[in-house]
Amino acid sequence: MKKLSIAGLLLLLLPYLACAQILDDSTKVLYGPSTTKYILEKDLLANRKTTYRVDTLIDNFHNYNFVNRFGNRYTDLGNLGTPLRPVFYSPPPQIGTYLGIDVYDKYMYSPEDVRYYDTKSPYTNLYYVQGGLQQALFNVDFSRNILPNWNAGINYLRLTSPRQFGILNYGEDRQTDHHAFVFHTRYFTKDSTYQVVGHFSHVNHEMKDQGGIVEEGDDTIDSLFNYRDEQQKLHQVRSKDFRNNFHIYHQYAFARGFHLYHILDIQRRTYDYRDNQLFDLSTTPQPNQRGSFQSHQFYPEVYFKDTTDLSIRYMLYENQAGIKGSLDKLDYRFYARRRDYRIQYKPAYLEKKVAGEQFLGGWINYNFSDSARLHAEAEYLLFRDYRLSAEYQTRYWRIGHNRMYYSPTLIQQRIENNHFIWNNDFRPTLSDNTYAYLTINVGQLHFAPFATFTNLDNYIYYDSSVQPRQEGRAIQILTGGLNLNFNWKNIHTVNQVVYTKITGPNVLRIPEWFGNFRLYYQNRVFKVLDAQFGVDMHYKSTYTPYGYMPAIGQYHLPDDLDDFVADAYLVADLFANIRINRVRLFVKFAHANQGLPNPGYFVAPYFTGLPRTLALGASWQLFD
């Protein structure tokens with residue numbers, strides 16, 4: 001309550017403080033959102049001179065939760081900061097060999113998303129959310145120009161959330177704890193012949209894993225929504241994802257239309273898992289021993305000892321160098337890439353592995369006109385993986401095809417620890433994806449149907465015993481959907497419906513129907529206040545969701561002997577977004593329809609979604 005009171009006081013004071021701007025003698029605002037811009041590395045790499053203004057809109061401002069941020073296309077374990085997985089199948093972002101623990105990636109800083117600013121005055125953005133049930137998120141983004149052609153800044157993110165079930169005490173019983181910062185800088189010569197951007201990021205993401213709700217005696221699925229009073233399967237269990245990343249991109253224009261560029265990426269990562277309450281294997285556990293009975297049964301096996309303390313350490317060094325540029329209507333890029341990695345384990349049941357990989361690649365983009373273009377990309381890992389893509393895009397439609405032949409991850413290939421032992425020789429997976437999107441705008445109506453078809457060969461997944469398996473038979477995924485937006489005066493609606501049909505072996509878990517719906521009213525009040533009031537709704541049809549194994553950070557097929565299903569459910573959130581000058585505020589009443597008629601919903605086997613909660617948030621931008 002103390003935190004909530006402080007947050008409420010800040011929300012009340014912010015509007016009165018929001019007048020802080022740099023002014024001249026006539027009190028005219030000199031600096032603001034229009035003078036504070038940033039670039040992204042991907043635009044430099046693609047020869048685009050694109051700049052972006054800092055965000056001052058209130059659209060989607062209430063969606064602080066990471067699941068909602070990505071349009072509900074990811075699902076977690078029902079709490080802020082818990083492991084994420086995509087709802088729909090998606091191939092890995094790159095070819096080659098990777099660690100394979102990616103459930104926390106969306107909480108990390110990605111080189112593609114780091115902003116490199118050009119600020120005419122010091123810029124600060126303060127963002128704070130006091131979420132429901134003591135969730136908290138705090139973010140500070142600061143940047144300033146040291147010289148007109150040299151900028152530096154830092155972004156800091158902190159998020160925490162308490163347990164929503166299995167609570168040991170009614171004080172602060174924290175489940176997730178996330179600290180992260182990125183220091184970034186950009187420099188360019190006055191004629192832009194040479195440009196460099198770079199950053200260093202550090203992330204420490206810790207989670208107390210619960211294993212799900214314990215189903216006892218005559219419990220039924222509908223009786224597991226007592227939240228704080230439900231018991232958890234695991235106790236004194238912790239996982240931690242620790243990452244450091246140094247990244248630099250620079251380019252030199254040695255002739256008109258020709259640039260040399262180089263990218264250096266150094267990553268250091270540690271994934272730790274500890275369970276201190278495995279029972280003594282020499283004794284018979286009693287059901288009333290809190291945690292020990294359920295904890296042992298949670299794992300497929302216990303091989304070595306009655307305490308689990310695992311650590312996977314992964315180092316990556318990557319260099320990419322090439323030539324790129326623009327010649328009339330043609331943009332191009334050709335490069336070579338070298339990746340070296342090292343993985344080691346503690347305890348050292350497996351020996352350290354050190355290996356390297358070489359890649360060749362190219363990208364072209366041809367602009368037929370301002371509204372029509374064709375681009376194609378290819379990359380080849382020597383003697384193994386490859387990826388190919390091509391897309392044609394106009395103002396009204398785009399079609400394309402992606403093919404990826406990608407290797408299994410290091411975790412899928414080999415592991416040996418207290419609970420899992422395997423040594424696999426899997427073949428690479430082949431993924432073919434063809435897609436088409438159509439866009440029609442008629443007055444205030446936006447109509448955009450789409451369809452995708454994916455074929456998978458040699459798909460690798462984790463079965464119900466959390467063992468990696470390779471499916472030799474082909475799997476087809478057909479998806480059709482519609483984005484439909486409509487505005488009438490001050491009333492707006494934004495909608496998306498997706499239908500998915502899977503044929504072939506039953507090793508994928510995707511809901512047949514998926515929908516997002518938003519209806520809101522927006523207007524300016526008292527000439528200074530922009531307000532938006534509405535409802536957000538999300539729907540999934542009945543399906544069998546994936547289970548989660550924290551010991552190796554993997555989602556897997558649920559137990560074959562368990563008939564668990566997540567029933568079809570519609571979640572409705574009421575929200576209000578407000579902007580006063582440079583301050584944005586929101587109030588969100590999440591899961592407002594709880595109990596109408598169902599007591600709740602499941603996001604994974606024996607993991608419930610959040611109950612009805614109230615969240616408050618604010619963003620304050622300063623330009624001095």
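The values are calculated or read from the model by the stated rules, or taken from the named source; none is laboratory data. Model, not experiment: these values are computed from the prediction. As a convention, Cβ positions derive from the backbone with ideal geometry for all residues, glycine included, and neighbour counts pool all protein chains shown. Side chains included, ligands, DNA and RNA excluded: accessible areas come from the protein's heavy atoms. Shrake-Rupley method; radii C 1.70, N 1.55, O 1.52, S 1.80 Å.
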Going through 170, 227 one at a time, which residue ends up being closer than 23 Å to residue 547 by Cβ and at pLDDT below 90? 227
Please work out which one of (1) in contact with a helix residue (DSSP H, G or I) (Cβ under 7 Å, 6 or more places away or on another chain); (2) buried (at least 17 other Cβ atoms within 10 Å of the Cβ); (3) under 30 Å from residue 207 (Cβ atoms) is the condition residue 112 fails and give its number. (2)
Take segment 439-454 and flag every residue that is surrounded by fewer than 18 Cβ atoms within 10 Å (Cβ to Cβ) and within 18 Å of residue 392 (Cα to Cα). 439, 440, 448, 449, 451, 453
I'd like to check which strands (runs of 3 or more DSSP E) are fully inside segment 350-438 and have at least 2 residues that are touching a Leu at 6+ places or on another chain (Cβ under 8 Å) and open to solvent by less than 70 Å² (accessible area, probe 1.4 Å). 353-369, 372-381, 386-393, 397-406, 414-416, 429-438
Can you name the residue in segment 34-51 that is touching a residue at least 24 places away in the same chain (Cβ under 8 Å) and over 25 Å from residue 376 (Cα atoms) and, of all such residues, is least open to solvent (accessible area, probe 1.4 Å)? 36
Looking at segment 274-304, which of the residues that are charged (D, E, K, R) and either part of a helix (DSSP H, G or I) or open to solvent by less than 80 Å² (accessible area, probe 1.4 Å) (or both) is modelled with the highest pLDDT? 275
Residue among 559, 536 that is within 30 Å of residue 621 (Cα to Cα) and not hydrophobic (A, V, I, L, M, F, W, C): 536
Those residues that are surrounded by fewer than 20 Cβ atoms within 10 Å (Cβ to Cβ), among the polar types (S, T, N, Q) and either under 30 Å from residue 47 (Cα atoms) or in contact with a Pro (Cβ under 6 Å, 6 or more places away or on another chain) (or both), I need them from segment 203-255; list them, please. 244
Those residues of segment 318-349 which are in contact (Cβ under 8 Å) with a residue 40 or more places away in the chain, in a strand (DSSP E or B) and surrounded by fewer than 16 Cβ atoms within 10 Å (Cβ to Cβ), in sequence order: 319, 321, 323, 327
Considering 594, 554, 621, 522, which residue is closer than 21 Å to residue 127 by Cβ and of a type outside the set (Val, Ile, Thr)? 621
Of all residues making up segment 141-175, the number that are over 30 Å from residue 224 (Cα atoms) and open to solvent by less than 60 Å² (accessible area, probe 1.4 Å): 10
Single condition residue 133 does not satisfy, out of (1) farther than 21 Å from residue 244 by Cα; (2) open to solvent by 60 Å² or more (accessible area, probe 1.4 Å); (3) at pLDDT 95 or above; (4) aliphatic (A, V, I, L, M): (3)
Scope segment 176-202; condition open to solvent by 10 Å² or more (accessible area, probe 1.4 Å), in a strand (DSSP E or B) and among the polar types (S, T, N, Q); matching residues: 185, 195
Taking segment 439-448 as the search range and keeping residues that are not in a strand (DSSP E or B) and not small (Gly, Ala, Ser), which one is farthest from residue 477 (Cα to Cα)? 444
Given the options 117, 104, 89, name the one that is in contact with a His (Cβ under 6 Å, 6 or more places away or on another chain) and touching a residue at least 12 places away in the same chain (Cβ under 8 Å). 104
Among the candidates 509, 524, 518, which residue alone is closer than 22 Å to residue 459 by Cα, open to solvent by 30 Å² or more (accessible area, probe 1.4 Å) and basic (Lys, Arg)? 509
Residue among 618, 604 that alone is of a type outside the set (Asp, Glu), open to solvent by less than 40 Å² (accessible area, probe 1.4 Å) and under 30 Å from residue 278 (Cα atoms): 604
Return the total of residues in segment 117-149 being in contact with a Gly (Cβ under 9 Å, 6 or more places away or on another chain) and over 20 Å from residue 184 (Cβ atoms). 6
Quickly run through segment 302-318 and pick out the residues that are of a type in the set (Asp, Glu) and out of contact with any strand residue (DSSP E or B) (no Cβ under 6 Å at 6 or more places or on another chain). 306
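Hey, could you check segment 432-471 for residues that are among the hydrophobic types (A, V, I, L, M, F, W, C) and under 29 Å from residue 95 (Cβ atoms) and say which is modelled with the lowest pLDDT? Spell out how you get there, then give the answer.
Looking only at segment 432-471, we keep the residues that are among the hydrophobic types (A, V, I, L, M, F, W, C), and these are 436, 438, 440, 442, 445, 447-448, 450-451, 453, 456, 460, 466.
Checking which are under 29 Å from residue 95 (Cβ atoms) leaves us with 436, 450-451, 453, 456, 460, 466.
Working: 436: 98, 450: 98, 451: 98, 453: 98, 456: 98, 460: 98, 466: 95.
Only one residue fits best here, namely 466.
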May I ask you to list the residues in segment 542-554 that are open to solvent by 20 Å² or more (accessible area, probe 1.4 Å) and under 30 Å from residue 238 (Cα atoms)? 543, 544, 546
In the set 267, 232, 175, the lone residue that is within 22 Å of residue 548 (Cα to Cα) and within 22 Å of the chain's Cα centre (by Cα) is 175
Just need a number here: residues in segment 305-314 that are at pLDDT 85 or above and open to solvent by 30 Å² or more (accessible area, probe 1.4 Å). 2
Would you please name the residue that is farthest from residue 119 (Cα to Cα), looking only at residues in segment 53-78 that are touching a residue at least 24 places away in the same chain (Cβ under 8 Å) and not in a loop (DSSP other than H, G, I, E, B)? 75
Could you please let me know if residue 494 is buried (at least 18 other Cβ atoms within 10 Å of the Cβ) and of a type outside the set (Ser, Thr, Tyr)? yes
Go through segment 464-493 and count every residue that is more than 22 Å from the chain's Cα centre (by Cα), assigned to a strand (DSSP E or B) and β-branched (Val, Ile, Thr). 4
Taking the criterion of being of a type in the set (S, T, N, Q) and farther than 21 Å from residue 623 by Cβ, would at least one residue in segment 98-114 satisfy it? yes
